[in-house]
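Read through the structure below, which is laid out as structure tokens, and then see the notes.
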Amino acid sequence: MADNSQDYLLLAFRLLGSLALLMYGMKTMSDALQKMAGPQLRHVLGAMTTNRFTGMLTGVGVTAAVQSSTATTVMTVSFVSAGLLTLAQAISVIMGANIGTTLTAWIMSAGFSFNITDFVYPAFFIAIILIYRKQNRVVGDFLFGIAFMFLGLGTLRQTGIDMHLGENQAVLNFFSSFDPQAFTTTLLFLLIGGILTMCVQSSAAVMAITMILCSSGVLPIYQGIALVMGENIGTTVTSNIVALSAGTQARRAAFAHMFFNLFGVCWILIVFRPFVDMVCSLVGYDVTMTKEAAGNAAFLANAAKLSFVLAAFHTCFNLVNTGILIWFIPQIEKLVCRVIKAKKDDEEEDTRLLYIQSGIIKTPEIAVLQAQKEIGVFGTRMQRMFGMAQELLTEKDTDKFTKLYSRIEKYEGISDNMEIEIARYLEQVGDAHLSDETKWKIRQMMRQISELESIGDACFNLARTMNRRLQSNQDFTAHQYDELHGMMTLVDSSLTQMNRTLSGRRDELDINETFRIENDINSMRNRLKSENIQAINDHQYDYAIGTMYTDLVSECEKLGDYVVNVVEARLGK
């Protein structure tokens with residue numbers, strides 16, 4: 001008895017360990033693929049979504065390439081938030097991602113049909129050689145991921161065989177206690193599949209367990225498919241929980257994904273038996289065969305096809321579901337927008353990061369895109385802060401001046417926080433195994449946020465000088481106000497050019513306009529300083545107001561320098 005319990009414990013650990021290998025292998029492979037093709041995939045996703053059908057095909061292709069529907073969904077949401085895709089286009093991409101992810105089930109079913117572990121050791125050997133040759137490191141990571149995935153699948157398959165589940169009377173009695181004809185049994189297994197997927201955070205792991213149970217002849221195909229349907233819902237519940245801390249568009253995309261799968265489960269339950277029988281006949285699996293009538297060998301040979309039945313069902317289900325719902329994307333968009341309403345744009349929203357969300361599942365290459373979008377928001381907020389400083393210059397009402405000054409002070413705190421939060425995020429991304437190009441991009445982004453924070457400091461220094469002028473009960477002359485407005489207009493133009501640069505593609509940007517404006521700012525600074533000295537000597541105004549005037553001019557010129565530094569960092573100069 002003690003020996004039996006030890007055997008079962010060892011098998012249980014083998015099962016858990018092989019599942020861990022499978023999940024790690026899939027993640028490593030997906031990350032490596034994104035490193036190899038990250039920028040190209042992003043451009044494909046942005047360019048190939050002209051209508052619902054190309055959007056759906058793009059979702060299929062990208063997800064099949066990176067083996068991660070989550071990665072495709074996160075990229076899609078970031079494009080929606082940036083205004084590069086509409087929500088309707090994003091929904092079509094997510095539908096395609098659901099089809100693309102079925103390739104994983106086919107890979108797993110292939111792993112269950114024959115012993116693939118013999119092929120993984122050469123792959124490990126080649127992978128380690130490539131990793132040590134730095135230029136092929138990402139390819140080595142990809143091979144490592146595939147090898148780990150197939151090693152996990154092979155170990156799972158062998159563990160399932162060694163468990164002799166088909167001969168374990170206790171396990172057989174447990175599953176036979178459920179009435180296979182009852183609708184409540186289907187609902188129960190659907191619920192179990194959903195809960196298991198939410199617990200282990202991997203539909204692939206639950207699919208692997210289902211394949212073991214079905215191919216060993218323990219779990220009838222109808223209950224196995226109910227588990228697969230539950231996995232589809234469980235994975236969308238997880239993404240909705242993750243999206244709670246994200247922006248409105250991320251929550252809408254996650255809800256659209258859940259609606260897509262829930263709708264599919266509802267109609268499949270109505271035609272459950274005929275649909276499953278149709279899939280079984282396509283694969284060549286005999287639903288009516290029993291062990292008693294056909295014999296153990298024939299029964300197990302028939303049961304071995306069940307992993308392919310599960311993969312075929314998963315594909316057929318998503319193909320039919322997409323075929324139905326792709327015609328109703330505008331209606332789905334309206335429903336999603338009605339259920340998840342946009343948050344009111346209040347001042348407090350300015351304190352939040354829009355694209356970097358702690359809850360969103362990240363992969364390094366996509367995280368860099370999110371960070372660049374956030375830096376674009378940072379630049380826009382700094383221009384808004386400078387606009388407040390311009391407004392403060394001519395504000396004569398003391399109460400309004402005080403409120404506006406407090407708001408600028410608050411924005412200075414926001415700029416400090418944004419620099420810290422984005423830098424912390426980039427540091428976390430930088431801890432991952434990255435391509436050399438991505439490491440370079442992160443270094444440039446660190447430069448950008450440092451200079452943007454300096455722009456915030458410069459804006460606050462302008463406000464403090466204006467406050468000092470107010471406290472002194474002195475005022476600038478009309479000519480000084482005109483010149484300051486001219487200088488600030490130039491600085492605002494440079495900020496506008498900077499924000500165009502931050503939001504555009506690097507290969508389409510030109511730095512010459514930024515340098516031209518900077519030269520104009522420098523020339524104006526030199527002229528105004530010379531004129532100021534002459535005006536003080538001519539007693540047009542006293543030295544104290546002249547000092548505050550030149551302080552504002554100098555701070556504007558410094559701000560222009562910071563803008564040039566941001567643009568140079570963005571363009572990699």
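The values are calculated or read from the model by the stated rules, or taken from the named source; none is laboratory data. On a predicted model such as this, the values are computed, not experimentally measured, just so you know. All Cβ positions, glycine included, derive from the backbone under ideal geometry; neighbour counts span all protein chains shown. Calculation scope for accessible area: heavy atoms of the full protein, side chains included, ligands and nucleic acids excluded. Shrake-Rupley method; radii C 1.70, N 1.55, O 1.52, S 1.80 Å.
Annotations for the structure displayed:
- Unmet criterion (only one of (1) touching a residue at least 12 places away in the same chain (Cβ under 8 Å); (2) part of a helix (DSSP H, G or I)) for residue 500: (1)
- Residue 489 on the phi < 0 side of the Ramachandran plot, in a helix (DSSP H, G or I) and under 35 Å from the mean Cα position of the chain (by Cα): no
- For segment 368-426, the candidate set comprises residues that are outside any helix (DSSP H, G or I) and out of contact with any Phe, Trp or Tyr (no Cβ under 6 Å at 6 or more places or on another chain); within that set, the residue that is most open to solvent (accessible area, probe 1.4 Å) is 396.
- Residue check for residue 525: in a helix (DSSP H, G or I), without any contact (Cβ under 8 Å) to a residue 12 or more places away in the chain and surrounded by 12 or more Cβ atoms within 10 Å (Cβ to Cβ): no
- Any chance residue 543 is open to solvent by 20 Å² or more (accessible area, probe 1.4 Å), more than 24 Å from residue 478 (Cα to Cα) and among the aromatic types (Phe, Trp, Tyr): no
- Figure legend. Inter-residue proximity from segment 176-193: first residues farther than 16 Å from residue 273 by Cα and open to solvent by less than 80 Å² (accessible area, probe 1.4 Å), second residues of a type in the set (S, T, N, Q) and modelled with pLDDT under 80, beta-carbon distance below 8 Å, spacing 6+ or different chains. Indicated pairs: 193/210.
- Residue list for segment 556-568, restricted to those being surrounded by fewer than 22 Cβ atoms within 10 Å (Cβ to Cβ) and aliphatic (A, V, I, L, M): 564
- Scanning segment 14-66 for residues that are of a type in the set (Lys, Arg) and modelled with pLDDT of 60 or more yields 14, 27, 35, 52.
- Within segment 528-540, if we keep just the residues that are of a type outside the set (S, T, N, Q) and open to solvent by 20 Å² or more (accessible area, probe 1.4 Å), the residue that is nearest to the chain's Cα centre (by Cα) turns out to be 529.
- If the condition is being crowded, with 17+ Cβ neighbours inside 10 Å and under 18 Å from residue 556 (Cβ atoms), then segment 493-519 contributes 493, 494, 495, 497, 498, 499, 514, 517, 518.
- Any chance residue 471 is touching a Ser or Thr at 6+ places or on another chain (Cβ under 7 Å) and not β-branched (Val, Ile, Thr): no
- Every residue from segment 435-470 that is more than 24 Å from the chain's Cα centre (by Cα), modelled with pLDDT of 90 or more and open to solvent by 30 Å² or more (accessible area, probe 1.4 Å): 450, 451, 457, 461, 464, 467, 468
- On the stretch given as segment 319-344, residues that are over 12 Å from residue 256 (Cα atoms) and modelled with pLDDT under 85 total 4.
- Selection of helices (runs of 4 or more DSSP H) fully inside segment 202-311 by the criterion of at least 3 residues being modelled with pLDDT under 70, over 30 Å from the mean Cα position of the chain (by Cα) and among the β-branched types (Val, Ile, Thr) returns nothing.
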